[in-house]
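J.: What follows is a single structure, and I will ask about it in a moment.
The values are calculated or read from the model by the stated rules, or taken from the named source; none is laboratory data. Just so you know, these numbers come straight off a predicted model, no measurement behind them. Here the Cβ positions follow ideal geometry from the backbone for every residue, glycine too, while neighbour counts run over all protein chains shown. All accessible areas refer to the heavy atoms of the entire protein, side chains included, with ligands and DNA or RNA removed. Shrake-Rupley method; radii C 1.70, N 1.55, O 1.52, S 1.80 Å.
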Amino acid sequence: MNTARTLLETINLTKSFGGLVAVNGLNFSVKEREVVGIIGPNGSGKTTVLNLISGALRPTVGSIQLAGQQISNKSAHHIARNGVARTFQLVRVLPGLSVTDNVMAGAVFGRKRLWKNHALNHAESLLQRVGLEDKRSLPVSSLTYIDQKRVELARALAGDPQILLLDEWLAGLNPSELQTGIALIQSLSEEGRTIVLVEHVMDAIRSLCHRCIVMNSGQLLASGTPDAVLSDSAVITAYLGED
Amino acid sequence: MNAASVKNLSIAIVCIVLAALIPFVFNGYWLSIALTAMMYIALSTSWALFSGPTHYISLASGAFFGIGGYLVATGMSDYNLSFWLMMAIAAVVATVLAALIGMATLRLSGVYFVIFTLGLAEMIRNLVSWVQNNFLGSRGLYVLTDFTEAHIYWMLLTVSVIVFALGWVISQSRLGFAMRIIGNDETVARHVGINTAKAKVLLFMTTGFFAAIVGAIIAPRYSYIEPNLVFSPELSFLVVIMALLGGMHRLWGPLLGVIPFTLIWEAISIWLPNFTTLFLGLTFLIIVYFLPNGVVGLLEKLRARVAT
Ligand SMILES: Nc1ncnc2c1ncn2[C@@H]1O[C@H](COP(=O)(O)OP(=O)(O)OP(=O)(O)O)[C@@H](O)[C@H]1O
Ligand SMILES: [Mg+2]
């Protein structure tokens, strides 16, 4: 793990919304093939960090580097083409498109930039990967919540990203779906994908993440292995309150 | 090419040939109605190339159309330049203007975009009128050519065919796919790697280009032109209404709006000339309440019902 090169690095990353500082001087890095979890109480700035990395938002101060190149001054489509793909906390599918077309969107415009049959074949293999091969011709609006999340994951993977950002991808799943979901992300990790995931599900954090960072009120509170940070007293206080 | 596209292509060719024969069969009154319809087919179809997928309602058609008509008239009347040269210049001017409007309005959404385009079109109309009246002499401009109504009709038919061909090519391209994604969710579009700004501006420029060409071709029909005539806000509204009436999720949708609308509009203009605005409003209500996806949407619904 230590010999791998650094893929993503944030330097003094800061974002304020008017008076509210949602992300405050955050420094962290992600190595190639690493799975890093971002945890923290509600409103601590986790989604904002992902928004800054994917280019949905521009940092107020600080910068983000992807494989040594600054991306924090680039627009979202540029960053996506450079190999950052994501899912959204509130699932965002393309309701007017078929399941296959939703995934093709990632294949056609992402880092791979495939077209026609190449894009189609790639999309179909990913649908199989996430377990949607039987539903490929349905309208996405008819899919269940977990299946929509699968579509979103397949779309993100279709661009063959260097780094995959998952914002509470496992939230809202029932226990058996959760096991399937964890196994799916595990298999992505085993094939060497670099992943940053925001999660509240502690089982998932423990079984998936090599490393974790904990945020509180926009600041980095702790970082280390999941077991170490989850037993850290400052982290426990942040989650459970002061007393 | 598969069987379905051979069939579609054959239907298209038959329609084009039939449309091209109209001037041999009709003349005078009916040809002039066909000419008006052909003008709106080109305008509404090219307008829908941008507004169909993005759902951005542009009321700037009148401005682009006006640039076409006015530049042709000024060039021919004041500078003795050729019709064709002025048409080319007008197309370039309108395309550049569309690019500027597109870039300025990218961050506006929904209703702000509508208001901006309408306001801008009105501003251009007033500006041109003011310049014309104060600096160029308040006389109107004469467009004298040898074109007959049939010639103008065939030119408009040619433009319409090009618009359809271009629309088809776009629908098969990455740009077309990008526009469908943008129309569904612009945030997702950006995050899969689509340069949404570029795609939208490009299609808006296409709309401006064709509206100016149509405005230029129509100018000889009027022979006498003044800015208030060609920079018409009414035209912008008619283009929108007809495209919505036909339905914008198919390339040939606007066509099915233009034909019935121009016929009824013509009839009302003759028999109840004071009621045209009322008819416009009524059509709008019908679209909102009964035809949200236009005539095409209705036909598709009926076909689905017959099939089951
Ligand atoms: N676009 C925005 N404009 C203004 N304030 C925002 C915006 N996005 C986030 N915030 C604020 O920034 C803070 C951090 O929000 P963020 O969504 O990053 O939290 P989070 O850690 O993802 O929370 P959760 O666990 O509930 O998803 C919150 O107080 C939120 O209200
Ligand atoms: Mg969040």
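Here's the yes/no breakdown for (1) among the hydrophobic types (A, V, I, L, M, F, W, C); (2) within 17 Å of the chain's Cα centre (by Cα); (3) assigned to a helix (DSSP H, G or I):
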residue	(1), (2), (3)
B:24	yes, no, yes
B:30	yes, no, yes
B:38	yes, yes, yes
B:41	yes, yes, yes
B:44	no, yes, yes
B:67	yes, yes, yes
B:86	yes, no, yes
B:91	yes, yes, yes
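J.: Determine if segment B:69-78 includes at least one residue that is within 30 Å of residue B:294 (Cβ to Cβ) and either in a helix (DSSP H, G or I) or touching a Cys at 6+ places or on another chain (Cβ under 9 Å) (or both).
T.: yes
J.: Still on this model: Considering only residues that are open to solvent by 20 Å² or more (accessible area, probe 1.4 Å) and among the hydrophobic types (A, V, I, L, M, F, W, C), look in segment A:1-13 and name the one that is nearest to ligand 1 (Cβ to nearest atom).
T.: Among those residues, the one meeting the criterion is A:11.
J.: Now for a separate question. Could we say that residue A:56 is within 14 Å of chain B (Cβ to nearest Cβ) and within 10 Å of ligand 1 (Cβ to nearest atom) here?
T.: yes
J.: Take residue A:51 and decide whether it is surrounded by fewer than 21 Cβ atoms within 10 Å (Cβ to Cβ) and either within 12 Å of ligand 1 (Cβ to nearest atom) or over 20 Å from residue A:87 (Cβ atoms) (or both).
T.: Working: surrounded by fewer than 21 Cβ atoms within 10 Å (Cβ to Cβ): no; either within 12 Å of ligand 1 (Cβ to nearest atom) or over 20 Å from residue A:87 (Cβ atoms) (or both): yes.
For residue A:51, the condition - surrounded by fewer than 21 Cβ atoms within 10 Å (Cβ to Cβ) and either within 12 Å of ligand 1 (Cβ to nearest atom) or over 20 Å from residue A:87 (Cβ atoms) (or both) - is not met.
J.: Listed residues B:236, B:223, B:232; which is among the small types (Gly, Ala, Ser) and on the phi > 0 side of the Ramachandran plot?
T.: The unique qualifying residue is B:223.
J.: I'd like to check something: does segment B:138-150 contain any residue that is modelled with pLDDT of 90 or more and either more than 20 Å from the chain's Cα centre (by Cα) or surrounded by fewer than 24 Cβ atoms within 10 Å (Cβ to Cβ) (or both)? Walk me through how you get there before you give the answer.
T.: Kept after step one, since they are modelled with pLDDT of 90 or more, are these residues of segment B:138-150: B:150.
Filter once more, so that each one left must be either more than 20 Å from the chain's Cα centre (by Cα) or surrounded by fewer than 24 Cβ atoms within 10 Å (Cβ to Cβ) (or both): B:150.
So far as segment B:138-150 goes, yes, one or more of its residues are modelled with pLDDT of 90 or more and either more than 20 Å from the chain's Cα centre (by Cα) or surrounded by fewer than 24 Cβ atoms within 10 Å (Cβ to Cβ) (or both).
J.: Listed residues A:31, A:46; which is within 16 Å of ligand 1 (Cβ to nearest atom) and among the charged types (D, E, K, R)?
T.: A:46 is the lone residue from the list that is within 16 Å of ligand 1 (Cβ to nearest atom) and among the charged types (D, E, K, R).
J.: Every residue in segment A:199-215 that is within 16 Å of ligand 1 (Cβ to nearest atom) and in contact with a strand residue (DSSP E or B) (Cβ under 9 Å, 6 or more places away or on another chain), please.
T.: Hits for segment A:199-215 are A:199, A:200, A:202, A:204, A:205, A:212, A:213, A:214, A:215.
J.: Moving to a separate point now. Sort out which residues of segment A:63-92 are away from chain B (no Cβ under 11 Å), crowded, with 17+ Cβ neighbours inside 10 Å and assigned to a loop (DSSP other than H, G, I, E, B), and write them in order of number.
T.: A:71, A:72, A:74
J.: Working carefully through the options A:152, A:168, A:199, find the one that is in the same structural domain as residue A:126 (by TED's automatic domain parsing) and within 16 Å of ligand 2 (Cβ to nearest atom).
T.: On inspection, the qualifying residue turns out to be A:152.
J.: Another question about this same structure. Within segment B:34-74, can you find the residues that are aromatic (Phe, Trp, Tyr), at pLDDT below 90 and buried (at least 24 other Cβ atoms within 10 Å of the Cβ)?
T.: Of the residues in segment B:34-74, the ones aromatic (Phe, Trp, Tyr) are B:40, B:47, B:50, B:56, B:64-65, B:70.
If we keep only those that are at pLDDT below 90 too, we end up with B:56.
Selection gives nothing.
J.: Could you list, in sequence order, all residues of segment A:14-35 that are within 16 Å of ligand 2 (Cβ to nearest atom) and open to solvent by less than 50 Å² (accessible area, probe 1.4 Å)?
T.: Once the filter is applied, which keeps residues that are within 16 Å of ligand 2 (Cβ to nearest atom) and open to solvent by less than 50 Å² (accessible area, probe 1.4 Å), segment A:14-35 yields A:15, A:22, A:23, A:26.
J.: On to the next question. Can you tell me which residue among A:71, A:11 is assigned by TED's automatic domain parsing to the domain that holds residue A:209, of a type in the set (A, V, I, L, M, F, W, C), more than 16 Å from ligand 2 (Cβ to nearest atom) and without any contact (Cβ under 8 Å) to a residue 24 or more places away in the chain?
T.: Only one candidate passes the filter, namely A:71.
J.: Kindly indicate the residue of segment A:93-110 that is within 8 Å of chain B (Cβ to nearest Cβ) and surrounded by fewer than 19 Cβ atoms within 10 Å (Cβ to Cβ) and also modelled with the lowest pLDDT among those meeting that condition.
T.: A:96
J.: Assess whether residue A:143 counts as being aliphatic (A, V, I, L, M) and either assigned by TED's automatic domain parsing to the domain that holds residue A:25 or open to solvent by 60 Å² or more (accessible area, probe 1.4 Å) (or both).
T.: Judged against the criteria, residue A:143 is not a match.
J.: Now a separate question. Please specify each residue of segment B:165-183 satisfying the condition of being in a helix (DSSP H, G or I) and open to solvent by 50 Å² or more (accessible area, probe 1.4 Å).
T.: Filtering segment B:165-183 for residues in a helix (DSSP H, G or I) gives B:165-171, B:174-183.
Correct list: B:165, B:166, B:168, B:169, B:171, B:174, B:180.
J.: Run down A:156, A:222, A:183 and say which single residue is away from ligand 1 (no atom under 16 Å from the Cβ) and open to solvent by less than 30 Å² (accessible area, probe 1.4 Å).
T.: After applying the criteria, what remains is A:156.
J.: When you look at residue B:267, is it among the small types (Gly, Ala, Ser) and more than 29 Å from residue B:35 (Cβ to Cβ), yes or no?
T.: In short, no.
J.: Next question. Given the conditions (1) more than 10 Å from every other protein chain (Cβ to nearest Cβ); (2) in contact (Cβ under 8 Å) with a residue 40 or more places away in the chain; (3) in contact with a Gly (Cβ under 8 Å, 6 or more places away or on another chain), report the number of the one that residue A:150 does not fulfil.
T.: Condition not satisfied by residue A:150: (2).
J.: Just to be sure before I move on: is residue A:33 touching a Leu at 6+ places or on another chain (Cβ under 8 Å) and assigned to a loop (DSSP other than H, G, I, E, B) in the structure I sent?
T.: no
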